[in-house]
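Peer 1: The structure follows.
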Amino acid sequence: MRRHHYLYGRNRYLSSPAVLTCLGVAHREIAATQARQLGLLDPGGPGSWTHPDLTRLLHADGKVISPLFSGRLGDERVDQRTGAVHQVRYEPDASLHFEGGGTPAFGTKFVLIAARSAGTRGRIILDVAWVPVKEQEAAVAIQCFARLRPLVPGAQGVIYDTALRGVHHQTLLRELGLLPINRVSGSAAPSKEPRSARGRYERTIHIEDRPILLGDGSVRILRLLARGGAIGLEGSTDGSHEFVELRRLRTLRFQDKSGLYRWYNQCALPDTHGGGTVMVRLQANGIDEGREFNRTEHVRAIPPGDPDFKRLYGRRSDAESINRGLEDSLYLRRAHSVGHARQHVNLLGYALMVNSLALHEHRQRQRLASAA
């Protein structure tokens, strides 16, 4: 095969929407099988809803690929020989996106979803999807999780950045039965200083009021609050009010006959509130909608203060590692081709290489272990 054969096959057949859709379906099925061979996303594997295991989590992120040409639509050049004016070469599918921290990036954006083991090169890229319009990354990611869900029944949750908002958390919890693990989107602390120098400001939101029965038979109303994703109460110290985070004991998932899921956190109450426990719903329902309260925007099953959060959310750095590895595979860190369809084919090839290496390394370790 020569280069012109490859270019003809890619541009004429592989980039066809129908063929590209079939390639995506085949890749997801094969990648899910490879992940199970590595011991990932196993329905009978370790972990629980209270303490999810890293081998049963999906992690994803958006990646903006710099275009092959730096020109943009409307940029023109003059032919010095003929004097004719021509449109310079440009990337028609590129647009301006904003990455973490508000950093602008111009190019074509894709979402990559993966899982990984603890071994060397233990990463499996499960899905790749183009983000057609800026600021739609989270919606595209949810579509990917939805089509992957039947292929990975052992998945327990999703690790993502704050691009996932309340509406996306509701879909993950209620419809897909997956536990989202990320931070609440915070705002900058009120100040006249630049936003980057103000630090993070956590709002305290009223969730609901719950009556509890005390040991003496009396009833007390609990005013449940949320701050930074954590569930807590309002405490008083020397006349000032402070947020008291409740310790999470268990996270529970129930499936209705309709196929939808219900999630609850069982939290321990302090001795000042009678001890015992309280069950707090994690997904929104009709009551929340009636009072226009976006519960999933402010409440997290595993908040940053929970002992499990650091262990789990640290896996998000692997998504950044995927992005860096992809960049290193690009000549001058620019796309190999023009147009999102051709770039999608290139990304599927990259995923095929990564997954094949992961499977090869896994089999090598198994052979060495058998020989030993």
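The values are calculated or read from the model by the stated rules, or taken from the named source; none is laboratory data. All figures in this text were calculated on a predicted structure; none of them were measured in a lab. Cβ coordinates were reconstructed from backbone atoms using ideal geometry, including for glycine residues, and neighbour counts include every protein chain displayed. Protein only, heavy atoms only, side chains kept; ligands, DNA and RNA dropped before computing areas. Shrake-Rupley method; radii C 1.70, N 1.55, O 1.52, S 1.80 Å.
Peer 1: Whole-Hz ³J(HN,Hα) for each residue in region 296-311, computed from phi via Karplus 6.51 cos²θ - 1.76 cosθ + 1.60 with θ = phi - 60°, x for glycine and proline: what do you get?
Peer 2: 3J(HN,Hα) across region 296-311, in whole Hz: 5, 7, 10, 10, 10, 5, 10, x, x, x, 6, x, 7, 5, 4, 5.
Peer 1: Follow-up question, since we're still on this one. Let me check against my output: what whole-number percent is the relative contact order of the chain, with C-alpha pairs under 8 Å and at least 6 apart?
Peer 2: Relative contact order of the chain: 19 percent.
Peer 1: In 10 Å bins starting at 0, how do the alpha-carbon pair distances of region 62-119 split up by percent?
Peer 2: Values per bin, smallest distances first: 20, 33, 24, 15, 6, 3, 0.
Peer 1: Still on this structure: With a 1.4 Å probe and all protein chains kept in place, how do MET1, MET353, MET279 rank by accessible area, largest first?
Peer 2: MET1, MET353, MET279
Peer 1: Could you go through region 208-220 in sequence order and give the Karplus-derived ³J(HN,Hα) for each residue, using 6.51 cos²θ - 1.76 cosθ + 1.60 with θ = phi - 60°, rounded to whole Hz, and x for Gly and Pro?
Peer 2: With coefficients 6.51, -1.76 and 1.60, one gets 6, 10, 10, x, 10, 9, 7, x, 8, x, 7, 10, 10 Hz.
Peer 1: Can you return the aspartates and glutamates within cross-link range of LYS63? Criterion is Cα-Cα under 17 Å, with same-chain partners fewer than 8 residues away left out.
Peer 2: Reachable aspartates and glutamates: GLU91, ASP93, GLU99, ASP127, GLU135, GLU137, ASP161, ASP318, GLU320, GLU327, ASP328.
Peer 1: Now for a separate question. Only helical DSSP H runs with n ≥ 4 go in: add -39500 (n - 2.57) per run for the chain, normalise by residue count and round the 222 nm mean residue ellipticity to 500 deg cm²/dmol.
Peer 2: Using -39500 (n - 2.57) per qualifying helix, the result is -9000 deg cm²/dmol.
Peer 1: Another question about this same structure. Report the antiparallel proportion of the DSSP beta bridges in the chain as a percent, rounded to a multiple of 5.
Peer 2: 85 percent
Peer 1: Tilt of helix 137-148 relative to the longest C-alpha principal axis of the chain, in degrees (0 to 90, nearest 10)?
Peer 2: Helix 137-148 and the main axis of the chain meet at about 90 degrees.
Peer 1: Quick one: grab Rg to one decimal and Dmax as a whole number for region 200-298, Cα atoms only, in Å.
Peer 2: 14.6, 50
Peer 1: In addition: Magnitude of the Cβ-charge dipole of region 278-372, K/R +1 and D/E -1, about the Cα centre, nearest 20 debye?
Peer 2: Value, rounded to 20: 380 debye.
Peer 1: I'm checking a number: the convex hull volume of the Cα atoms of region 1-155, normalised per residue, in Å³. What is it?
Peer 2: Spread over its residues, the Cα hull of region 1-155 gives 186 Å³ apiece.
Peer 1: Based only on Cα atoms, what Rg/Rh ratio does region 1-72 have, Rh being taken as Kirkwood's radius?
Peer 2: 1.16
Peer 1: Sticking with this one: Kindly rank 203-215, 121-133, 18-30, 305-317 from highest to lowest mean number of other beta carbons found within 10 Å of each residue.
Peer 2: Going from most to least packed, we get 121-133, 305-317, 18-30, 203-215.
Peer 1: Along its principal axes, what span do the Cα atoms of region 117-166 show, with the longest given first and each in whole Å?
Peer 2: 35, 23, 20
Peer 1: Out of every Cα-Cα pair in region 88-128, what percent are more than 16 Å apart?
Peer 2: More than 16 Å apart: 59 percent of the Cα pairs in region 88-128.
Peer 1: Right, here's the next one. So what is the relative contact order for region 40-155, in percent, with contacts set as C-alpha pairs under 8 Å and at least six apart?
Peer 2: 28 percent
Peer 1: Read phi for every residue in region 355-372 and hand back ³J(HN,Hα) as whole Hz from Karplus 6.51 cos²θ - 1.76 cosθ + 1.60, θ = phi - 60°, with x for Gly and Pro.
Peer 2: Here the 3J(HN,Hα) series is 5, 5, 5, 4, 5, 4, 4, 5, 5, 4, 5, 5, 5, 5, 5, 5, 5, 5 Hz.
Peer 1: So, one more: Among 172-185, 140-153, how do they line up from the highest to the lowest mean number of other beta-carbon atoms within 10 Å?
Peer 2: Those peptides, ordered most packed to least, come out 172-185, 140-153.
Peer 1: Given the protein chains as shown and a 1.4 Å probe, how many square angstrom of LEU14 are accessible, to the nearest 10?
Peer 2: Number for this one is 60 Å².
Peer 1: Where Rh denotes the Kirkwood radius from the mean inverse Cα pair distance, what is Rg over Rh for the chain?
Peer 2: Result: Rg/Rh = 1.05.
Peer 1: What is the Cα coordinate range of region 249-372 on the first, second and third principal axes, sorted by size from largest, in whole angstrom?
Peer 2: 61, 50, 33
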